[in-house]
1. In the chain, which helices (runs of 4 or more DSSP H) lie fully inside it and hold 3 or more residues that are modelled with pLDDT under 90 and of a type in the set (Gly, Ala, Ser)?
2. Six or more apart or on different chains, Cβ atoms under 8 Å: show the pairs whose first residue is in segment 42-62 and closer than 12 Å to Ala16 by Cα and open to solvent by less than 10 Å² (accessible area, probe 1.4 Å) and whose second is among the polar types (S, T, N, Q) and assigned to a loop (DSSP other than H, G, I, E, B).
Amino acid sequence: MTARKGKPRINHSERAKDEVYRQMFRLEESRPGAEMALALALLRAWLAAESNSESGLERVWLKNISPICLQMIEAALQARDTVSPCAQ
């Protein structure tokens, strides 16, 4: 049996966590659609945590990061809505 080369496989919860962080960065960069992408990434992370019977740490992380993400989404939506019509 030969050893596999490349990166070790990441479990589904870790992929979901990476996706949440990636979308947070996209939202900070004001990329179009980043609000929805972050919301979807959070939902996927919750689903991944719920499908894993040993996901206590993922749930704690999600409980800590979700309020931050929601504040970011709300701030981005509010900033987008307050942009003057001339600037659009």
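1. Numbers: elements: 12-28, 34-51, 56-81.
So the answer is 34-51.
2. Partner pairs satisfying both residue conditions: Ala48/Ser55; Ala49/Ser55.
The values are calculated or read from the model by the stated rules, or taken from the named source; none is laboratory data. Nothing here was measured: the structure is a model prediction, and the numbers come from that model. All Cβ positions, glycine included, derive from the backbone under ideal geometry; neighbour counts span all protein chains shown. Accessible surface areas use protein heavy atoms only, side chains included; no ligands, DNA or RNA. Shrake-Rupley method; radii C 1.70, N 1.55, O 1.52, S 1.80 Å.
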